[in-house]
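Derivation of every value follows stated rules applied to the coordinates shown; laboratory data play no part. Everything numeric here is computed off the predicted structure, so don't read it as measured data. Cβ atoms come from the backbone with ideal geometry, glycine included; neighbour counts cover every protein chain shown.
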Amino acid sequence: MPNDSTSSSPPRTWAEIDLSALRHNLDVARESSGQEVMAVLKAGAYGHSIKQIALQLEQENLAFYGVASVIEARRIASTGCKTRLYLLGPTLADECEEIVNNRWVPSISSLKDAQYFNQLNATTGKPPLPLHITVDTGMGRGGFLPDAIAEQFPEILKLEHISIEGIGSHLPSADEDKEFTLQQFRNFEMIVKQCDYDFKYIHLANSAGILDYESSLCTLCRPGLMMYGISPLESYQRQIKPVMTLKSKITLIRELPAGHGVSYGRSVLLEKPTLVATVGAGYGDGYPRSLSGKKTAVIIRGKRCPVIGRVTMDQIMVDVSELPEVDAGDEVELFGQQISVAEIATKAGTIPWEILTRITPRVTRIYK
Ligand SMILES: *Cc1c(COP(=O)(O)O)cnc(C)c1O
């Protein structure tokens, strides 16, 4: 299902999305956590296309789709998907009416938020609006501080037009600091118990939290990256399968003489005659320019071939001297199956989350 249905020639650069891998990874999240799942679909489902992934997961009986903003909630709602939509971060005052009218689920950070939603929902004549409490147990990005929730929770419970359905917190270092994260789980569980309230949903774990930690109290997990088949912790990578493979095609093959420069800045001057393939993808597709000069490679005919010279907006050059049989039109894997997103991220000086969310709109997504 290419998203560019008016095109008559095949795409030059495309992202293959393996839906069976997506389902497999979701099962790993379920089994590993023993909890219900909020599939995190923010940032265009990490570059996999928010609408398509929402539609694909509709049959999975998920508790929620997690989104970053009302724009994303609206995009999913426009597909007709019925899975409940949860707003992962704070909401602006002028977004709240839309949230209330659509029964999207906000996560609140203050008594003021609770009062505002209460007031807005009172005017709708609808049942109490379900919402979740966010507690800040170390992320520093949002939520009630532990002391504040202890003090204000009874006040929140008195509000008649909202109903507290869940309580959540977020892990800043689950893939970096085991000791801190273990303590964070304990703190969160203690806060939940102190509320002495029958929360339907208690949630803390992101991907690293799901894979590397356990909680007998939590009832819901929030996988993002792992659902798309990349583990934040290398040791769990073999349990999950990459969902996206970014591919392109060789557009041109030439033998360039020794001494010839390759790409902007002429940072590479060929030491010997070299068979150079030009490939039709660049940073304009989301292949990071910061990979320039990082000894990175692409896969052509199953073989790793070095990228030479700087990554340009629409094209890269690859040394294919060891593959004399290559031809224009040959498929090129930029990353996904045989070159991991994690490897690309490391070489580009960033993290897999950013590599995936950077894939630009001109890249056709093809679902398999
Ligand atoms: C993005 C996000 C997640 C998912 O994180 P991953 O590390 O990609 O699994 C979970 N919870 C919240 C609150 C988030 O913002």
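Working from the alpha-carbon coordinates of the stretch 244-367, get Rg over Rh, Rh being the Kirkwood radius. It would help to have the intermediate numbers written out before the result.
Numbers: Rg = 13.7 Å, Rh = 14.4 Å.
That ratio equals 0.95.
With a ≥ b ≥ c the root eigenvalues of the C-alpha gyration tensor of the stretch 19-229, is it rounded (a/c under 1.5), prolate (a/b larger than b/c) or oblate?
Numbers: a/c = 1.88, a/b = 1.10, b/c = 1.71.
Oblate is the answer for the stretch 19-229, as a/c is 1.5 or above yet b/c matches or exceeds a/b.
When Met317, Met227, Met139 are ordered from fewest to most other Cβ atoms inside 10 Å of their Cβ, what list results? Numbers along the way, then the final one.
Values: Met317 23, Met227 29, Met139 15.
Listing Met317, Met227, Met139 from fewest to most nearby Cβ atoms yields Met139, Met317, Met227.
Quick one: length gained pulling Lys294 to Lys200 fully straight, 0.36 nm per residue minus the C-alpha distance?
29.0 nm
Under a Cβ-Cβ cut-off of 15 Å, what is the net charge of the residues other than Lys249 that fall near it, where Lys and Arg count +1 and Asp and Glu count -1? Walk me through the numbers before you get to the answer.
Values: positive: Arg12, Lys247, Arg301, Arg362; negative: Glu16, Asp285, Asp314, Asp327, Asp330, Glu331, Glu333.
For residues surrounding Lys249, the net value is -3.
Report the net charge of residues surrounding Leu19, where surrounding means a beta-carbon distance below 15 angstrom and charges are Lys +1, Arg +1, Asp -1, Glu -1. Mind dumping the intermediate values first?
Details: positive: Arg23, Lys51, Lys241, Arg365, Lys368; negative: Glu16, Asp18, Asp27, Glu58, Glu60.
Value of the local net charge: 0.
Taking a ≥ b ≥ c as the square roots of the eigenvalues of the Cα gyration tensor of the chain, is the shape rounded (a/c under 1.5), prolate (a/b larger than b/c) or oblate?
Details: a/c = 2.67, a/b = 2.13, b/c = 1.26.
Note, shape of the chain comes out prolate.
If we count other beta carbons within 10 Å of each Cβ, what is the order of Tyr197, Tyr367, fewest first? If you can, show how the numbers build up before the last one.
On the way: Tyr197 14, Tyr367 18.
Exposure proxy ranking, most exposed first: Tyr197, Tyr367.
Going through the stretch 253-327, which GluC sites (Glu not before Pro) have at most 14 other Cβ atoms within 10 Å and a DSSP loop state? The partial results should precede the final answer.
Numbers: sites: Glu255, Glu271, Glu322, Glu325; in loops: Glu271, Glu322, Glu325.
Loop-located and lightly packed - Glu271, Glu322, Glu325.
Grab the other residues whose beta carbon is less than 12 angstrom from that of Ser173, score K and R as +1, D and E as -1, and report the net. Display every interim value, and only then the final one.
Values: positive: Lys178; negative: Asp175, Glu176, Asp177, Glu179, Asp212.
It works out to a net charge of -4.
Give the calculated FRET efficiency between Lys158 and Asp94 to the nearest 0.05, with a Förster radius of 25 Å applied to their Cβ-Cβ distance. Please list the in-between numbers first.
Numbers: r = 26 Å, r/R0 = 1.04.
The computed FRET efficiency comes out at 0.45.
If you rank Ser292, Ser20 by fewest surrounding Cβ atoms within 10 Å, what's the result?
Working: Ser292 21, Ser20 10.
Least crowded to most crowded, the residues run Ser20, Ser292.
Within the stretch 231-265, which residues have the backbone N less than 13 Å from the label spot 7 Å out from Ser321 along Cα→beta-carbon, could you tell me?
Label zone hits: 255-260.
When only Cα pairs under 8 Å and 6 or more residues apart are kept, what is the percent relative contact order across the stretch 253-334?
Numbers: 175 pairs, mean separation 26.0, N = 82.
After rounding, I find 32 percent.
I'd like the distance separating the alpha-carbon centroids of the stretch 279-333 and the stretch 5-67, in whole Å.
Here the answer is 27 Å between Cα centres.
Of all beta bridges DSSP finds with both residues in the chain, what is the antiparallel percent, to the nearest 5?
Details: 28 of 54 bridges.
Approximately 50 percent, going by the DSSP bridge assignments.
Residues of the stretch 249-264 with the amide nitrogen closer than 13 Å to a label point 7 Å from the Cα of Lys303, along Cα-to-Cβ, please.
Within reach of a label on Lys303: no residues.
Over 31 Å between Cα atoms, which of Lys51/Lys112; Lys303/Lys368; Lys51/Lys303 qualify?
Numbers: Lys51/Lys112 33 Å; Lys303/Lys368 24 Å; Lys51/Lys303 34 Å.
In this structure, Lys51/Lys112; Lys51/Lys303 lie more than 31 Å apart at Cα.
Below 8 Å, C-alpha to C-alpha, sequence gap of six or more: please give me the relative contact order for the chain in percent. Intermediate values should be presented prior to the final figure.
Numbers: 765 pairs, mean separation 72.3, N = 368.
For the chain, the relative contact order is 20 percent.
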